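Presented below is the structure to which this report refers.
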Amino acid sequence: MIKKGLLVSTAALIALASGCSSKQEPAAADTGKTAQQQAVSNEPVELVLYSTAATSEEEVQKKFIDPVKQKFPNITIKYIKKGTGTTIDEMVASGQTIDIYYESTNYFYTVSNYDLAYDMTDLIKKHNIDLSAFEPTMIDFAKSMSKNGIYGLPVWSQNVILFYNKDIFDKFGVPYPKNGMTWDELQQTAKTLTRTDGDKQYLGFASSPAHTIKANQLGLTFLDPKTDKATIQTDEKWKQLYQTYYVNPSNDPNYKKAMVALKNKLPYKDPFLKDRNLAMMAYLSDLDWANSGSEGMNWDIAALPSFKDMPTIGSQAYPFYWGVTKQSKYKDQAMQVIQYLTSVEYQTKQVRSGTMTALKDDAIKKQFAQDSKYKDKNTSAVFYHQYAPMPARSPYEGDAQKAYEDAIHEAALGDTDLNTLFRKIEETANKAVDAAKAKTK
């Protein structure tokens, strides 16, 4: 049996390189390295980097491995991602050492049952990492999972924003979405654009269910972190969220007919990118996804609409954490890697290419996508709002997610009232958690 412990799943220790630190060690005379860096052995080492994320080997090589190798010639990174024979269960069971683990925040918990967690507090102090340089919600979240220790720090992030097809707006003479609009305003716009023109049915708005519910603006969690029980029946805000995100935008007979044609699912990427009959879509701020398959489509972005009583709050951050594991024999070298990946030098370059920073530095944020093909888009939308708080979560949050996510489509179809649907979510989620707990005993 695998011992239950806190792995740092999305774990990650990301260190703020010297450029992000409020204090800097004096540079060594010959090497230009800090005194702390000189204290770390420069003997050749291989660090195993593992993730269950869907990041391709090509992207990891280009964005991380090559820059690290250039910075630290003695460090070789071997990347292993989840696949056949390389699930986290198989990796741990085979005795494969993992030096650095990275994963998105929402899967931090899926690996929390493996004895890989390592409290980075002492390493952070040793390497002079300035936690105040990071976005506070991301650090607060990391601390919430380790009793105020640090199992992981964010290297980069995403959030949820609004993508829209300008061609549809132009066709019907409707003003484009703008930063700062409310959900009520979006609902009116979506209603105007949900219409039939000739033999084509246009749909006003849809959300990516998985991303909008996990990074929701109301700070809701699927489970109570103290009891591991579903919160769907105990927190009234869930009704507000389902109604605003999923029910109201689909409240049109022709919209529901379109859902039936999509196998009872909400419109997703294909209606937006291929069919081009979906006017607006809430999705992660990865601009590349909208560019893929959208040739000839005139699209842009706006900030995610806000609730009237929370006008400055957008979605939660969706950070990716990197962390040194308990089993690594090269913790200092792994920290060197993470220090560099969170340095102002590296972060600025990545931000300019279109990757969101995990740092709170406004000067860096203002450079978002300026060296990319998206520089003429409304890039101010990405950092327009404050992040919603990232609440503490149960280690079984990921096990409960499917129950909530599947019900989104049912809610949008309107065949079942929310009270009945929420009872079903509660029962299904709690059973999933019980089953997950039984596997770790």
Among the candidates A290, A303, A230, residue that is touching a helix residue (DSSP H, G or I) at 6+ places or on another chain (Cβ under 6 Å), under 19 Å from K178 (Cα atoms), of a type in the set (G, A, S) and touching a residue at least 40 places away in the same chain (Cβ under 8 Å): A303
Open to solvent by 40 Å² or more (accessible area, probe 1.4 Å) and either in contact with a Ser or Thr (Cβ under 6 Å, 6 or more places away or on another chain) or closer than 30 Å to M91 by Cβ (or both): is that true of D434 in this structure? yes
Show the residue pairs that are 6+ apart or on different chains and have beta-carbon atoms under 7 Å apart, the first residue being within the stretch 382-397 and without any contact (Cβ under 8 Å) to a residue 60 or more places away in the chain, the second being of a type outside the set (A, V, I, L, M, F, W, C). F383/K365
Just to check your reading of the model, which residue among A407, A411 is touching a Lys or Arg at 6+ places or on another chain (Cβ under 8 Å), open to solvent by less than 20 Å² (accessible area, probe 1.4 Å) and under 21 Å from L266 (Cα atoms)? A407
Residue match in the stretch 237-250 (condition: free of Cβ contacts under 8 Å to residues at least 24 places away in the same chain, charged (D, E, K, R) and in a loop (DSSP other than H, G, I, E, B)): no
Options D288, D309, D300: the member that is assigned to a strand (DSSP E or B) and either in contact with a Cys (Cβ under 7 Å, 6 or more places away or on another chain) or surrounded by fewer than 23 Cβ atoms within 10 Å (Cβ to Cβ) (or both): D300
Requiring at least 2 residues that are closer than 30 Å to K274 by Cβ and not charged (D, E, K, R), the helices (runs of 4 or more DSSP H) wholly within the stretch 68-172 are 166-172
Filter the stretch 159-198 down to the residues that are under 24 Å from V382 (Cα atoms), open to solvent by 10 Å² or more (accessible area, probe 1.4 Å) and of a type in the set (S, T, N, Q) and list them by number. N159, N179, T182, Q187, Q188, T189
For the condition among the basic types (K, R), surrounded by fewer than 22 Cβ atoms within 10 Å (Cβ to Cβ), under 23 Å from the mean Cα position of the chain (by Cα) and under 26 Å from F320 (Cα atoms), what is the one hit in K269, K214, K226, K237? K269
Can you find a residue in the stretch 301-322 that is over 30 Å from F205 (Cα atoms), at pLDDT below 95 and not β-branched (V, I, T)? yes
For V260, the lone unmet condition from (1) over 17 Å from F163 (Cα atoms); (2) crowded, with 18+ Cβ neighbours inside 10 Å is (2)
Only one of (1) part of a loop (DSSP other than H, G, I, E, B); (2) surrounded by 21 or more Cβ atoms within 10 Å (Cβ to Cβ); (3) within 20 Å of the chain's Cα centre (by Cα) fails for P391. Which number is that? (2)
Only one of (1) modelled with pLDDT of 95 or more; (2) open to solvent by less than 10 Å² (accessible area, probe 1.4 Å) does not apply to Q367, and that is (2)
Name the single residue, out of those in the stretch 120-150 being of a type in the set (S, T, Y) and out of contact with any strand residue (DSSP E or B) (no Cβ under 6 Å at 6 or more places or on another chain), that is farthest from Y107 (Cα to Cα). S132
Does D332 satisfy being at negative phi, more than 22 Å from the chain's Cα centre (by Cα) and open to solvent by 10 Å² or more (accessible area, probe 1.4 Å)? yes
Being modelled with pLDDT under 90 and within 23 Å of the chain's Cα centre (by Cα) is the requirement here; does Y107 meet it? yes
For Q201, only one of the following conditions fails: (1) in a loop (DSSP other than H, G, I, E, B); (2) touching a strand residue (DSSP E or B) at 6+ places or on another chain (Cβ under 9 Å); (3) of a type in the set (S, T, N, Q); (4) open to solvent by 10 Å² or more (accessible area, probe 1.4 Å). What is its number? (1)
Of all residues in the stretch 88-104 being charged (D, E, K, R) and open to solvent by 10 Å² or more (accessible area, probe 1.4 Å), which is modelled with the highest pLDDT? E90
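This table checks each residue for (1) within 20 Å of D309 (Cβ to Cβ); (2) among the hydrophobic types (A, V, I, L, M, F, W, C).
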residue: G180; (1), (2): yes, no
residue: L186; (1), (2): yes, yes
residue: L193; (1), (2): no, yes
residue: S208; (1), (2): no, no
residue: T212; (1), (2): yes, no
residue: A215; (1), (2): yes, yes
residue: F222; (1), (2): no, yes
residue: P225; (1), (2): no, no
For the stretch 140-153, give me the residue count where each residue is open to solvent by 10 Å² or more (accessible area, probe 1.4 Å) and under 18 Å from A358 (Cβ atoms). 6
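The values are calculated or read from the model by the stated rules, or taken from the named source; none is laboratory data. The structure displayed is predicted, hence computed values, not measured ones. In this analysis, Cβ positions are derived from the backbone assuming ideal geometry, glycine residues included, and neighbour counts consider all displayed protein chains. SASA here: full protein model, heavy atoms, side chains in, ligands and nucleic acids out. Shrake-Rupley method; radii C 1.70, N 1.55, O 1.52, S 1.80 Å.
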